[in-house]
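Visitor: This is the structure, below, for whatever I ask next.
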Amino acid sequence: MPPSASKVFAVLALSAADSTVAISTRLLAHRAGISERQARRALRRLIGANLVEVAEPGRGTRPTKYRIRWQLRSFPQPSAASSPTPLSQGRQRRAPSETTAPPSGAAWSEFPIKSKSSALRWAMFCLRREIQRWGLPPPRRENLLRGLGNALWRALRKGAVRTTAALRRLVHELLGHLRDAPAGVSASLKRACAYAGAITLRALQALDLIPRRYQL
């Protein structure tokens, strides 16, 4: 998926309440830091990939309402968080800038997170996309994703991450930790959750989002 589509999906997901968001193409392009033409093209790609659908067409001054179709399975859970439904393997393309570029620009200003579940959905979208490239056996991959989902949900629920900019910085920091992990990812759910919790805590502390002695 090209960077512009990833940015548009992020803006929609982080702005959505109950999986829907009404937003004009002009405002969407402004928040994503791209042109309106790029925003329209990105929307067509997302709709074609079944990630987004038009819930209510815009009319006059009323903006189009979009629905995020990519849902989490049975999340949150009290014990371990589930991971998002994977995208079709055949449609996935990785643009290097999507997983390596640090947060920047007006699109990632300090907008408050309106929906914690939508914020989690976007974060797991980024993490799953990276982890799927490793070729891990499904049990190891899913256990790691469940652990990451659980740790991120705790961070969001406890208020450690309050803005879209903070969330993007956290995901970028986590990706840095995860790229050192493939050879050592445990097949044990308990150990995978412990590892995910530990790197999430270190990332939050490195970004000064929580005090050094704070525990998730």
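Visitor: Here are L204, L156, L148, L175: which of them is at pLDDT 90 or above, within 16 Å of E130 (Cβ to Cβ) and not assigned by TED's automatic domain parsing to the domain that holds A16?
Guide: Matching residue, one of L204, L156, L148, L175: L148.
Visitor: OK, next. Taking into account only those residues within segment 157-202 that are small (G, A, S) and closer than 22 Å to A16 by Cα, which is surrounded by the fewest Cβ atoms within 10 Å (Cβ to Cβ)? Spell out the reasoning first.
Guide: Let us first name the residues in segment 157-202 that are small (G, A, S), namely 159-160, 165-166, 176, 181, 183-184, 186-188, 192, 194, 196-198.
Then keep just the ones that are closer than 22 Å to A16 by Cα; that gives 159-160, 165-166.
Values: G159: 11, A160: 20, A165: 18, A166: 22.
Checked segment 157-202; the qualifying residue surrounded by the fewest Cβ atoms within 10 Å (Cβ to Cβ) is G159.
Visitor: Across segment 37-54, what is the number of residues that are surrounded by fewer than 15 Cβ atoms within 10 Å (Cβ to Cβ) and in contact with a strand residue (DSSP E or B) (Cβ under 7 Å, 6 or more places away or on another chain)?
Guide: Looking only at that region, the number is 3.
Visitor: Check every one of the helices (runs of 4 or more DSSP H) wholly within segment 1-72 and list those with 3 or more residues that are under 13 Å from S118 (Cβ atoms).
Guide: 3-15
Visitor: Can you tell which of I68, I34 is touching a strand residue (DSSP E or B) at 6+ places or on another chain (Cβ under 8 Å) and either more than 22 Å from A166 (Cβ to Cβ) or among the β-branched types (V, I, T) (or both)?
Guide: The unique qualifying residue is I68.
Visitor: Give the residue that is surrounded by the fewest Cβ atoms within 10 Å (Cβ to Cβ), with candidates limited to residues of segment 7-31 that are out of contact with any strand residue (DSSP E or B) (no Cβ under 6 Å at 6 or more places or on another chain) and more than 23 Å from A166 (Cα to Cα).
Guide: Per the criteria, the residue is R26.
Visitor: So, one more: On the given criteria, is A5 within 19 Å of the chain's Cα centre (by Cα) and touching a residue at least 60 places away in the same chain (Cβ under 8 Å)?
Guide: no
The values are calculated or read from the model by the stated rules, or taken from the named source; none is laboratory data. Remember, it's a predicted structure, so these values are computed and weren't measured experimentally. Here Cβ is always computed from backbone atoms with ideal geometry, including for glycine, and neighbour counts include all displayed protein chains.
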